[in-house]
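The values are calculated or read from the model by the stated rules, or taken from the named source; none is laboratory data. What you are looking at is a predicted structure, and each value in this text was computed from that prediction instead of being measured. With ideal geometry, Cβ positions are generated from the backbone for all residues, glycine too; neighbour counts draw on all protein chains shown.
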Amino acid sequence: MSKLQHFLREEDGAAAIEYGLLAGLIAVAIITTITAIGTHLNTVFGYVSTALAGVVAP
């Protein structure tokens, strides 16, 4: 019976799960930010490409 009580009081697994959830949320935030920045950079490089399309080399 004491082993069962010890198992139910154990909190190490809960801490590991919390750290795992925190790491997952940070990863989702990083992926979302990089995706948004990538979209904006694609737009900027598209404008630059269009602007340079008419330039003739001397």
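Only one of the numbered conditions (1) more than 14 Å from the chain's Cα centre (by Cα); (2) surrounded by 10 or more Cβ atoms within 10 Å (Cβ to Cβ); (3) modelled with pLDDT of 90 or more is violated by Thr50, and that is (2). Residues that are among the acidic types (Asp, Glu), part of a helix (DSSP H, G or I) and surrounded by 10 or more Cβ atoms within 10 Å (Cβ to Cβ): does the stretch 15-22 have at least one? Yes: one or more hits.
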